[in-house]
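The values are calculated or read from the model by the stated rules, or taken from the named source; none is laboratory data. Bear in mind that the values here come from a model prediction, so they are computed numbers and not experimental data. Using ideal geometry, Cβ is built from the backbone for each residue, glycine included, and neighbour counts are taken over all protein chains shown.
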Amino acid sequence: MQDRPGLRSRALFRDERDVIAPGQQRIALLSQLALASGQGASVTDVDGNTYLDFFAGVAVASLGHAHPRYVAAVEAQLRRISVGSFTTESRLRLLRLIARLAPGDLGRTQLYSGGAEAVEAAFRLAMSYTGKYEIVGFWGGFHGKTAGVMGLIGDESKHGWGPLPGGRFSVPYPDCYRCPFKLSYPDCALACVDFARESITRTTSGAVAAIIVEPMQGTAGNVVPPPEFLPAIRDLAHEIGAVLIADEMITGFGRTGRWFGCNHTGVVPDVMTVGKGMGNGFPISGLISTDEIVAATPFARPSASSSSYGGNPLAAAAALATLETIVDDGLVEHAARVGARMLDGLRDMQERYPFIGDVRGVGLLIGLDLVRDRATKEPLGREVTERIFTEALRRGLLMMGYFPRVRINPPLTITQEQADAGLAILEEVFAAVAVEVRAT
Ligand SMILES: Cc1ncc(COP(=O)(O)O)c(C=O)c1O
């Protein structure tokens, strides 16, 4: 077997250790990869090794790498103008296209550069519209790492960052494989929603501006809630006079085999936040809402909701090329088709490998739960999951498999053959570690 990553990769990685601050993404640290290029759903390192990409920069590379139409559009725009907040033709086309694709009457977009920045803007919008100031999120949720959203990280990764800003509350998400109430769907009758209602009454000061929810949770492990959940949370938000923010940063623009995660349940949120795959790597994000909501002040005052880079000509051209390509190439339907077959393949594997406790997903947002024992659901230990990651890498597959909650989110352009090849590698890896798992 080839040495992946190779010697040049490892040497560059080592040299960078002297000048880079720690705290990079775990996948970069574990892989020690130095990349030279990418093409579609594969990337090539500086030693010339290629890897199938089941990672896509955490669901960012929706079109995959170096897509010709994307490259041409960004190159052409760079030669014209890159900077400034003035109207451009491509931005107008982008905003019109977003308004056409977004559900219901969500027809007004404001653009930013990063996901957390857009989520914070959505909070300011919700505060402007409701005159209230508290935010409710979910266990397992993730909306970024800036101060205003950090309190809504729904896991222990926020430990050590206190004191966190006040006015942020979290309630359990229907992560049904690991139900916090130890109940089973559908017998639970969505006890988590009743709990959320009660918890909001008892823990907030009664001034909730927004409930923010990921239609499917990405960081938690590509978790898919039951279909009744989102409608129930929308109703709860409206019951308490709050807006519903759907954070579609990962689930937006085709990832789940529909245009937005919300489309799976017909819920039209009051505000959607988008980013990641929308720009295929160009840092662009945004919020989308209605005429009525975006008119609220202070959000609507001149310069009150703008930023230095938001919606600049280069960003707009990159996002327009990305979204037009997703439309023209039918990538949403493609994601649904390829994703469904990948799920079938993984469910077959689940029958062969007892340590695959759960397989779930929609479109090309797929998650696995690896367990020591299916009865207790005790998660597989880090030493085994990190081996799964490195064994996959050695065989030419890059994926977020270093935690027991494996996340699979390849570019929407991945071909069926590439998806099959990736799963074949995964099967080989699972077979290789099966003995080890039995021994632990
Ligand atoms: C659902 C969701 N919202 C927001 C963010 C934050 O985005 P960014 O890293 O661009 O700030 C992320 C990032 O992973 C995310 O998954």
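For this structure, a couple of remarks:
- The stretch 42-84, subset within 16 Å of the ligand (Cβ to nearest atom) and crowded, with 19+ Cβ neighbours inside 10 Å, residue farthest from Val274 (Cα to Cα): Phe55
- Count of the stretch 150-161 residues, restricted to those that are away from the ligand (no atom under 15 Å from the Cβ) and either under 25 Å from Glu292 (Cα atoms) or within 17 Å of the chain's Cα centre (by Cα) (or both), is 0.
- Sole residue being away from the ligand (no atom under 16 Å from the Cβ), modelled with pLDDT under 95 and not charged (D, E, K, R), chosen from Pro172, Pro165: Pro165
- Extreme residue, farthest from the ligand (Cβ to nearest atom), among residues of the stretch 258-272 that are buried (at least 24 other Cβ atoms within 10 Å of the Cβ) and not aromatic (Phe, Trp, Tyr): Asp270
- Remark: pairs (first residue in the stretch 402-421, among the basic types (Lys, Arg); second residue part of a strand (DSSP E or B); Cβ separation under 7 Å; 6+ apart in sequence or on different chains) = Arg405/Gly367; Arg405/Asp369; Arg407/Gly367; Arg407/Met400.
- Subset of the stretch 229-246 (residues that are within 13 Å of the ligand (Cβ to nearest atom) and either surrounded by fewer than 23 Cβ atoms within 10 Å (Cβ to Cβ) or more than 29 Å from Asp187 (Cβ to Cβ) (or both)): Ile245
- Output for the stretch 97-133, where each listed residue is more than 16 Å from the ligand (Cβ to nearest atom), surrounded by fewer than 21 Cβ atoms within 10 Å (Cβ to Cβ) and farther than 21 Å from Ala316 by Cβ: Pro103, Gly104, Asp105, Ser128, Thr130, Gly131, Lys132, Tyr133
- Residue list for the stretch 135-149, restricted to those being away from the ligand (no atom under 12 Å from the Cβ) and crowded, with 24+ Cβ neighbours inside 10 Å: Ile135, Val136
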